[in-house]
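One structure is given below, encoded as structure tokens.
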Amino acid sequence: MLYQLYETQRALLSPFAEFASASAKLYSHPLSPFAHTPLSHRVSAGLDLMHRLAKEYEKPAFEITSVEVDGVDVAVQELVALEQPFCRLLRFKRYTDDSKVLEKMKAQPTVLVVAPLSGHHSTLLRDTVKQLLKDHKVYITDWTDARMVPLEAGPFHLDDYIYYVQDFIRHVGEDCHVISVCQPTVPVLAAISLMASNGETTPRSMTMMGGPIDARKSPTAVNNLAMNKSYSWFENNVIYRVPTTYPGAGREVYPGFLQHTGFVAMNPDRHLSSHYDYFLDLIRGDDDNVESHRRFYDEYNAVLDMPAEYYLDTIKTVFQDFALVNGTWDVGGQLVRPQDITGTALLTVEGELDDISGAGQTKAAHELCSGIAAKDQVHYDAIGAGHYGIFSGRRWREKVYPVIRDFIARYDAAPLHKPAAAKRASGSRPAARRTPKPTE
């Protein structure tokens, strides 16, 4: 019922948002007589702010059309490498007529970026992808808004997430390097663990950034909510069915608008201040700050629905049972054993000021991955960086990225050995996987 009420409210506000946008231009366009009336700048700024608070935010585009490689601008084309019901694997293919740069690009490492399925779209990692493209071939997971997936596609559990990651790794190739940001650190570690247990060649390296490998360490407000509320509370309070206006009508989801409310509630004062500053910047004509605000909130306010079964599985497995660190996580009848990983180097990255994944949560992966030699395990603390700062912005570009780039280069030049099949836990069997359908 709540989802239907939200959709009704959105439909009612949509004409108002468009009217506010048109009126803002009426009071700001130099050819309009209203733009020359007293207080026109304030009226236009107020209407523009109303428009942005009331409008619907669609999924943004990556908009990465070029990148600089060795001082040369090369073209970038976004391609769909694989497509499954709940996710697309995107490839950012680079093109250039410069033969020297082309040869260099062909020899660069291949990176698979696993984006979070936790509210925002994968475009939140735009800055991550753009920086990586300077020195790597880049793929990224682009998770589908669950309200757009018809019921006929079936459910999507945390186990399915793991199977998707494994399929993507196999498609990209055993020479790839995997980077997981925030939420996917847990299922990515599980996916690679299961591959190692089954004797498959695992990626050359895995980089885990700001994720809840062990959510018991330095719990944040986000962790406390997931740990202190019962499983049934989440079932009864945050799960709703998609309205009939969407292809996924009837599917149970954790709606994006509820997630967005939670994001804002974490720092309401900061968002109020940001919107007020935007209003003042419009009045002053500070175009740079105005555009910066718009870019940030175009991304921040664009949210997606998560499949209910996946979300509830994550709450139980990661934040309540701590199944990964306790060694009790069963995926398709097979225990997840990070200690079986031997052929993949490990880098963990944490932000000093991260208020979503606390200190030590990601670093816990090192203790679990006891089969990886100590010399092939690296941890990096990004001083002064918050959660978003470890994969976006100045600190990402200047501090974190060089560490990841050099780590990947080290293990791309000297790949680790192919692992032998590990002994499986008693009574377990290899997890079944779904075969993707290539689109090219």
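Taking only C-alpha pairs under 8 Å that are 6+ residues apart, what is the relative contact order of the chain in percent?
Details: 818 pairs, mean separation 88.3, N = 440.
The value is 20 percent.
About the Cα centre of segment 34-164, how large is the charge dipole given +1 on each Lys and Arg Cβ and -1 on each Asp and Glu Cβ? Please answer in debye to the nearest 20. Before the final figure, lay out each step's value.
Values: 16 positive and 19 negative charges, 50 e Å.
Dipole about the Cα centre, nearest 20: 240 debye.
Tilt of helix 256-266 relative to the longest C-alpha principal axis of the chain, in degrees (0 to 90, nearest 10)?
With rounding to tens, the tilt is 80 degrees.
Short version: ³J(HN,Hα) in whole Hz for each residue of segment 75-82, in order, from phi by Karplus 6.51 cos²θ - 1.76 cosθ + 1.60 (θ = phi - 60°), x for Gly and Pro, what are they?
6, 10, 10, 8, 10, 9, 7, 9
Short version: ³J(HN,Hα) in whole Hz for each residue of segment 300-308, in order, from phi by Karplus 6.51 cos²θ - 1.76 cosθ + 1.60 (θ = phi - 60°), x for Gly and Pro, what are they?
Each residue of segment 300-308 in turn: 5, 8, 8, 10, 10, 7, 9, x, 4 Hz.
Can you list residues from other chains, or at least 5 along the same chain, whose modelled amide H is less than 5 Å from the amide H of Ser66?
Hits under the 5 Å cutoff: Val76.
May I ask for the angle, rounded to the nearest 10°, between helix 185-197 and the longest principal axis of the chain, with both axes built from Cα atoms and the value confined to 0 to 90°?
20
Roughly how many Å is it from the Cα centre of segment 279-305 to that of segment 174-202, as a whole number?
If you average the Cα positions of each part, the centres end up 37 Å apart.
Can you list residues whose amide H is under 5 Å from Ile179's amide H, if they're 5+ apart or on another chain and H is modeled 1.01 Å from N?
Sorted by chain and number, the residues that satisfy this are Leu112, Val113, Val114, Thr207.
Could you work out how far apart the two model spin labels at Asp288 and Lys134 are, taking each label as a point 7 Å from the Cα in the direction of the beta carbon, and quote it in nm?
Inter-label distance under the simple model: 2.0 nm.
Among the listed pairs Lys100/Lys134; Lys100/Lys130; Lys55/Lys130; Lys363/Lys399; Lys59/Lys93, give every one whose C-alpha distance is greater than 23 Å.
Working: Lys100/Lys134 15 Å; Lys100/Lys130 21 Å; Lys55/Lys130 28 Å; Lys363/Lys399 18 Å; Lys59/Lys93 21 Å.
Beyond 23 Å between Cα atoms: Lys55/Lys130.
Taking H as built 1.01 Å from N, whose amide H comes closer than 5 Å to the amide H of Ala81, not counting residues under 5 places away?
Correct list: Leu89, Leu90, Arg91.
Please list 3J(HN,Hα) in residue order for segment 284-294, calculated via the Karplus relation 6.51 cos²θ - 1.76 cosθ + 1.60 where θ = phi - 60°; whole Hz, with x for glycine and proline.
6, x, 7, 5, 5, 5, 4, 5, 4, 4, 5
Among Leu133, Pro15, Ala35, pick out the residue whose Cα is farthest towards the positive end of the charge dipole of segment 1-156, where Lys and Arg carry +1 and Asp and Glu carry -1 on C-beta, about the Cα centre.
Ala35
Ranked by Cβ crowding within 10 angstrom, fewest neighbours first, how are Phe19, Phe168 ordered? Can you show the working numbers first?
On the way: Phe19 14, Phe168 23.
Ordered by Cβ neighbours within 10 Å, fewest first: Phe19, Phe168.
Between Thr65 and Lys375, how many nm apart are label points set 7 Å from Cα along the C-beta direction?
Roughly 4.8 nm, to one decimal.
Using a simple spin-label model with points 7 Å from Cα along the Cα→Cβ vector, what separation in nm is obtained for Asn236 and Glu352?
Going by the 7 Å Cα→Cβ label model, 4.5 nm.
Can you tell which of Gly250, Pro187, Ser197 lies farthest toward the positive end of the dipole of the chain, using +1 and -1 charges on the Cβ of basic and acidic side chains (Lys, Arg; Asp, Glu)?
The listed residue farthest towards the positive side: Ser197.
Any read-out appearing in this document is the output of simple, stated calculations on the displayed coordinates, not a laboratory observation. Values in this document were obtained by computation on a predicted structure and should not be read as measured data. Glycine also receives a Cβ, built like all others from the backbone with ideal geometry; neighbour counts cover every protein chain displayed.
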